[in-house]
1. Quick one: grab the alpha carbon gyration tensor of the chain, order the square roots of its eigenvalues as a ≥ b ≥ c, and give me rounded if a/c is under 1.5, else prolate or oblate depending on whether a/b is larger than b/c.
2. Would you work out if segment 76-158 is rounded, prolate or oblate? Take a ≥ b ≥ c from the square roots of the eigenvalues of the alpha-carbon gyration tensor; rounded if a/c is under 1.5, else prolate when a/b is larger than b/c, oblate otherwise.
3. Find, among the GluC sites (Glu not before Pro) in segment 95-158, those assigned to loop by DSSP (not H, G, I, E, B) with at most 12 other beta-carbon atoms within 10 angstrom.
4. What angle do you read, to the nearest 10 degrees and between 0 and 90, between the alpha-carbon axis of helix 18-27 and the longest principal axis of the chain?
5. Give me a comma-separated list of calculated 3J(HN,Hα) values for segment 50-65, in order, Karplus coefficients 6.51, -1.76, 1.60 applied at θ = phi - 60°, integers in Hz, x for any Gly or Pro.
6. Between ASP23 and ASP105, what length comes free when the chain is fully extended (0.36 nm per residue of separation minus the Cα-Cα distance, one decimal in nm)?
7. For the chain, find the longest principal axis of its Cα atoms and tell me its angle to the long axis of helix 139-151, 0 to 90°, nearest 10.
8. Step through the table entries LYS11/LYS79; LYS59/LYS79; LYS26/LYS116; LYS81/LYS116; LYS79/LYS116; LYS91/LYS143, compare each Cα-Cα distance with 24 Å, and write down the pairs that go over it.
Amino acid sequence: MSFTSILTELKVQLERNKDMIIDMNKDNPNRAFKQINQLAYSASSKYGIVLQLHFPDSKKIADANSYGNENLSIVVDPKRKQFPIPRDSIKEKAREFLGEVETKDAYMYEGREGVKIFLQKGRIDILPGSVHMWCQIDDNVRKFVDWLMIHCYGVKAV
């Protein structure tokens, strides 16, 4: 299992339910939001993780073509406080996969650690138990998150 395979499965489910979600959104955007995230949960929970879609701009929920292409979170273990590999390795791989990006240590309190990756547009917040993509998910982001799934979260590709 990889992020790529989960994302592909999510997009298939979203496409299959697109008309229903669009209609639902016209009447009740909150219900549409819940339905979208139920589909995300369905696509990911069988792998022991939780995929969530976010809409920081509430108007974006009306853009069905953006579903699964931006603003996603993957929660593997919300209780983990430390990475299994050095943060510098994560930063190095971020530059390898994503090019010229700014990287910073983040969330460094109470024995916790994290890394923020600043892209030209958006950012990726990486915590020991989750990754939050506040950006467009292109092939480079997808490959980087596939790498994170294996090396930071111990999720083996199937």
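1. Verdict is prolate for the chain.
2. Oblate shape, in that a/c is at least 1.5 and b/c is the bigger or equal ratio.
3. The qualifying sites are GLU100, GLU110.
4. 70 degrees
5. After applying 6.51 cos²θ - 1.76 cosθ + 1.60, I find 10, 9, 10, 9, 10, 10, x, 9, 4, 5, 5, 5, 6, 8, 4, 6 Hz.
6. Result: 25.3 nm gained on full extension.
7. The angle comes out near 60 degrees.
8. Over 24 Å Cα-Cα: LYS11/LYS79; LYS59/LYS79; LYS26/LYS116.
Only the coordinates and a few stated rules stand behind these numbers; no lab work does. Worth saying up front: this structure is predicted, and the values here are computed from it rather than measured. In this analysis, Cβ positions are derived from the backbone assuming ideal geometry, glycine residues included, and neighbour counts consider all displayed protein chains.
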